[in-house]
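Presented below is the structure to which this report refers.
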Amino acid sequence: MSNVIENICILGATGSIGTNTLDVIKRHPDKYQVFALTAHRNLEQLKLQCIEFQPRYAVLPDAELAQELESFIQYKGLQVEVLHGVHSLDFVASHDEVDTVMAAIVGAAGLLPTLAAAQAGKRVLLANKEALVMSGAIFMDAVNKHGATLLPIDSEHNAIFQCLPEHFVEQGIENCGIHNIVLTGSGGPFLKKDLADFAAITPDEACAHPNWDMGRKISVDSATMMNKGLELIEACWLFDVKPEQIEVVLHPQSIIHSMVRYNDGSVLAQMGNPDMRTPIAHALAFPERISAGVAPLDFMEISKLTFDRPSKERYPCLALASEAMKQGGNSPARLNAANEVAVQSFLDEKIGFTQIAEVIQHTLTSTEYAEALTLDSVLSADKEARRSAQDFVAQLTNHSS
Ligand code: NAD
Ligand code: MG
């Protein structure tokens with residue numbers, strides 16, 4: 001593979017993962033070229049990316065924005081074809097000439113194109129954890145049935161993948177002498193904040209993560225630790241384990257990105273500076289290793305690594321996610337939908353920080369559990385949970401005004 005230039009499609013190119021992916025790609029013009037870029041609202045950024053990377057396709061769901069991009073492309077004399085509509089996302093993600101798809105759209109909006117990439121047997125670099133949380137079994141079946149290669153971008157899952165033996169997929173974790181998986185999390189910006197002050201937390205405070213620079217939705221998820229909850233579900237599907245086989249450990253420095261504990265007492269950890277270019281470069285080049293532009297880890301500078309237990313009072317979302325996974329069926333999809341609505345409502349200053357967990361809990365109890373064996377049933381559970389969460393947010397908003 002090393003002599004052939006790979007065609008890359010980046011879903012969510014203008015986001016934090018998307019721009020980090022382009023940063024790694026441009027360091028290796030001999031290995032990768034950009035085939036398609038997709039964005040949602042950030043037209044200005046997409047214009048700059050079209051000039052710099054000259055993809056074959058640029059995709060925007062909105063027709064008007066696409067028209068504006070089209071005029072710009074013509075004015076600049078670029079050879080980029082502009083597409084619009086959600087089906088165009090599926091089209092580029094499954095295009096014959098694409099080798100690798102970076103799935104970096106945030107939230108449920110990424111599910112269908114990521115699934116399209118899996119169904120087309122692509123090498124799928126999965127950042128969009130919500131897609132897997134929603135559709136778990138359906139997504140993994142598509143990967144297996146169509147011979148897709150799934151590589152985790154989430155730093156924890158990428159770390160676990162690096163610490164697992166090569167044949168874990170064929171043999172199963174239990175036959176590889178593994179005791180459990182240790183999923184680390186920083187605890188976010190409110191690790192030490194007085195619980196009495198949680199209700200007054202602002203969106204900007206929640207988005208100011210101490211170690212990682214990320215999009216706003218995942219930043220809020222990190223502050224509530226719903227991110228760790230979603231990651232627990234993500235790990236269950238990626239590595240075929242149960243929630244009981246995963247131990248969540250607080251590690252505020254974000255240097256160890258997760259670990260695998262073996263039966264002989266060995267614990268393997270993957271370490272590095274908190275920079276998403278490391279897992280992105282790992283998955284892009286796997287099984288080779290390429291440079292990512294990340295500074296070498298300086299142990300003298302870190303000086304110490306600490307660990308703690310996550311508190312249930314501080315992080316109620318973590319327990320909600322773990323419960324949803326244990327319940328199975330459509331519960332993770334309903335949890336995810338409620339969380340997306342709650343986080344957006346918090347970012348829009350309609351509800352307070354502590355009400356995020358309330359909205360999720362309320363949605364899970366007021367919507368119906370089902371087995372969710374088909375994509376349609378997952379999508380309808382998502383829709384119903386969103387509606388229920390929106391209604392509850394409206395009630396909370398009316399109460400407080
Ligand atoms: P972001 O908000 O910075 O970027 C999101 C991207 O998705 C943008 O390009 C946006 O245009 C696109 N998008 C948003 N809504 C869309 C829609 N409805 N239709 C089509 N495109 C849409 O988010 P991010 O931080 O880059 O995160 C992307 C994904 O990666 C998330 O699922 C997140 O959980 C995961 N992830 C991110 C990080 C990180 O460090 N940022 C780490 C691990 C996992
Ligand atoms: Mg992560």
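The values are calculated or read from the model by the stated rules, or taken from the named source; none is laboratory data. These numbers were taken from a predicted model, which means no experiment stands behind them. Heads up, the Cβs are rebuilt from the backbone with ideal geometry, glycines too, and the neighbour counts pull from every protein chain shown.
Here are some notes:
- When residues of the stretch 185-223 are limited to those that are within 13 Å of ligand 1 (Cβ to nearest atom) and polar (S, T, N, Q), the one farthest from residue 13 (Cα to Cα): 186
- Only residues that are under 21 Å from residue 113 (Cα atoms), touching a residue at least 12 places away in the same chain (Cβ under 8 Å) and surrounded by fewer than 16 Cβ atoms within 10 Å (Cβ to Cβ) were counted in the stretch 357-382, giving 2.
- Residue within the stretch 340-348 that is in contact with a Pro (Cβ under 9 Å, 6 or more places away or on another chain), within 30 Å of residue 378 (Cβ to Cβ) and surrounded by fewer than 19 Cβ atoms within 10 Å (Cβ to Cβ) present: yes
- Checking 318, 335 one by one, the residue that is touching a Gly at 6+ places or on another chain (Cβ under 6 Å), touching a residue at least 24 places away in the same chain (Cβ under 8 Å), hydrophobic (A, V, I, L, M, F, W, C) and in a helix (DSSP H, G or I) is 318 and no other.
- Matching residues, the stretch 209-237, being among the β-branched types (Val, Ile, Thr) and under 15 Å from residue 104 (Cα atoms): 218
- The stretch 2-26, subset polar (S, T, N, Q) and either within 16 Å of ligand 2 (Cβ to nearest atom) or at pLDDT below 95 (or both), residue surrounded by the fewest Cβ atoms within 10 Å (Cβ to Cβ): 3
- Restricting the stretch 149-184 to residues that are in a helix (DSSP H, G or I) and at pLDDT below 95 leaves a set whose member that is farthest from ligand 1 (Cβ to nearest atom) is 175.
- Subset of the stretch 249-258 that is more than 19 Å from the chain's Cα centre (by Cα) and not in a loop (DSSP other than H, G, I, E, B) - its residue that is nearest to residue 174 (Cα to Cα): 249
- Residues in the stretch 10-34 that are free of Cβ contacts under 8 Å to residues at least 60 places away in the same chain, of a type outside the set (D, E, K, R) and farther than 18 Å from residue 126 by Cβ: 14, 29, 33, 34.
- Residue in the stretch 187-206 that is nearest to residue 132 (Cα to Cα), counting only those that are assigned to a helix (DSSP H, G or I) and in contact (Cβ under 8 Å) with a residue 60 or more places away in the chain: 206
- Selected residue (only one of 96, 141 is more than 13 Å from ligand 1 (Cβ to nearest atom), surrounded by fewer than 22 Cβ atoms within 10 Å (Cβ to Cβ), at negative phi and not in a helix (DSSP H, G or I)): 96
- Residue 126 of a type in the set (A, V, I, L, M, F, W, C) and within 16 Å of ligand 1 (Cβ to nearest atom): yes
- Residue among 37, 115, 89, 46 that alone is of a type in the set (A, V, I, L, M), outside any helix (DSSP H, G or I) and either crowded, with 22+ Cβ neighbours inside 10 Å or free of Cβ contacts under 8 Å to residues at least 60 places away in the same chain (or both): 37
- Scanning the stretch 84-110 for residues that are out of contact with any Leu (no Cβ under 8 Å at 6 or more places or on another chain) and not hydroxyl-bearing (Ser, Thr, Tyr) yields 85, 87, 95, 96, 97, 98, 99, 106, 107, 108, 109.
- Restricting attention to the stretch 118-133, the residues that are basic (Lys, Arg), in a loop (DSSP other than H, G, I, E, B) and over 23 Å from residue 4 (Cβ atoms) total 0.
- Criterion: touching a residue at least 24 places away in the same chain (Cβ under 8 Å) and charged (D, E, K, R) - qualifying residue of 141, 213: 213
- Candidates 138, 105 - the one that is of a type in the set (Val, Ile, Thr), modelled with pLDDT of 95 or more and within 14 Å of the chain's Cα centre (by Cα): 105
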